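Single-structure report; data block below.
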Amino acid sequence: MSNRHDTPDVRRREDTNCTGEGNDGASFVITGIGELCDGTGSPPAENMAMVVESGRIAWVGPETNLPEASGAALLDVDGRAVIPGFVDSHTHLVFAGDRAREWEARMAGHPYGAGGIVRTVEATRAATTQELSRRAAGLAAEALAGGTTTIEVKSGYGLDVANEARLVRVAATLTDEVTFLGGHVVPPEYAGRSDDYVSLVCGQMLESCRSQCRWIDVFCEEGAFDADQAKAVLEAGREAGLGLRVHANQLRHGPGASLAVAVGAASVDHCTHLADSDVEALAGSSTVATLLPAAEFSTRSAYPDGRRLLDAGVRLALATDCNPGTSFTTSMSFVVALAVRELGMTVAEALHAATGGGADALRRDDIGRLQQGKRADFSVLDAPSVSWIAYRPGVPLVSAVFRLGELVAGTSPGLHP
Ligand code: NIG
Ligand code: FE
């Protein structure tokens, strides 16, 4: 894979912010794409080219049809595969401490319980804002280097007014897709008074967080919040102008998935234990089912049935759920590999769910697909075909990451002079 043409001016931007805002974006023509996945779910296409103008995709198609582009810089990727930037629509990046011991115990056979969240809450409350920012920025940079060009970040390890407000402020320095998750679990000081805690979440806590957020989320599960409480949180969020997301049906069957559909949530996440009626409701709705198989991997539990959902016509996304308890990974490549190996999804379906599907889960039509007019957010793989993402699990194949046409992470022979 040698360089056959002049390299364009693809200077690397040294930032970890996942928004790319305030950046006019680069212009160049990219040729020699061995295989391109456009994030729409169509099969990958061979021998492709793409024209990037001011950070947007101006044209994409077979290289033989490439329009005349006078004077445009040429970037030849010499047979490498190109995929849309991953859209990781579910992370909990802002926290302190780790739960490696708990994970080790699980690997030795202990079951997961939502109670571990409280240990991370203790560590997070005790940490300085500077420390929280430094760690979250490190994880965001790790995600970006792995090809994630849009990331959603939740609060949920503060669980009091001051700490939740602190977490959403930190999250807002990393992304525009910030989610208020005051309704994660009931903190110890409210034990036995969960309705009082729900009132706090819907009142003062939401008021202190809403300006930094686009979304509200709630964990509707036994051990967290019941359907009435979850509904109250979601309705308060909607009233405050936020979009709705739900954590549900992770550990056992429950009312969360049907609630998410009933309230018109953008996404219901986990969906590991679904009744046929939940699947039917999802299929007839605009709510995306976001599967998080790295959580099942790290809790040593049964995976969701991606095949069943796809066959029923449910719209799917895949995300990492990056958090210290159930899924300490930022790697969307790993999630795609798990989806292919364990959820019954083809590589094309998994890549679609990790890119265009994630965009749908965030109700974004400017990202996740390599089509004319969308943002030029994409990755070049050190591989000749996109299936290598799953075929070579654990190998860092994402060699160059572009956001708005700017090289933001990685290097690759042929991409630098
Ligand atoms: O999405 N399910 C709830 N929340 C996280 C787990 C958080 C934790 O264990 O710290 C999740 O898996
Ligand atoms: Fe989660």
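So the values come out like this:
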quantity	calculated
Selection within the range 96-117 - surrounded by fewer than 19 Cβ atoms within 10 Å (Cβ to Cβ) and under 30 Å from R403 (Cβ atoms)	D98
Residue in the range 380-397 that is among the acidic types (D, E), touching a Phe, Trp or Tyr at 6+ places or on another chain (Cβ under 8 Å), assigned by TED's automatic domain parsing to the domain that holds M50 and touching a residue at least 12 places away in the same chain (Cβ under 8 Å) present	no
Per-region count, the range 76-95, residues open to solvent by 10 Å² or more (accessible area, probe 1.4 Å) and among the small types (G, A, S)	1
From A348, A283, A339, A294, residue being at pLDDT 95 or above, within 16 Å of ligand 1 (Cβ to nearest atom) and in the same structural domain as A141 (by TED's automatic domain parsing)	A294
Elements of type helices (runs of 4 or more DSSP H) contained in the range 274-317, each with 2 or more residues being open to solvent by 60 Å² or more (accessible area, probe 1.4 Å) and of a type in the set (K, R)	306-311
All positions within the range 218-259 that are within 15 Å of ligand 1 (Cβ to nearest atom) and either small (G, A, S) or out of contact with any helix residue (DSSP H, G or I) (no Cβ under 9 Å at 6 or more places or on another chain) (or both)	G223, A224, A230, A248, R252, G254, G256, A257
Top-ranked residue of the range 365-388 - restricted to ones that are within 16 Å of L144 (Cα to Cα) and not charged (D, E, K, R), ranked as surrounded by the most Cβ atoms within 10 Å (Cβ to Cβ)	G368
Selection from the range 336-375 of residues that are in contact (Cβ under 8 Å) with a residue 60 or more places away in the chain and among the charged types (D, E, K, R)	E349, D360, R363, R364, R369, K374, R375
Which listed residue, of G97, G147, G79, is at pLDDT 95 or above, at positive phi and under 15 Å from the mean Cα position of the chain (by Cα)	G147
Residue satisfying condition, being away from ligand 1 (no atom under 16 Å from the Cβ), closer than 21 Å to G237 by Cβ and surrounded by fewer than 19 Cβ atoms within 10 Å (Cβ to Cβ), within set G203, G192	G203
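The values are calculated or read from the model by the stated rules, or taken from the named source; none is laboratory data. All values derive from a computational prediction rather than experimental measurement. Cβ sites come from the backbone with ideal geometry, for glycine too, and all protein chains shown count toward neighbours. These accessible areas exclude ligands, DNA and RNA; they are computed on the full protein's heavy atoms, side chains included. Shrake-Rupley method; radii C 1.70, N 1.55, O 1.52, S 1.80 Å.
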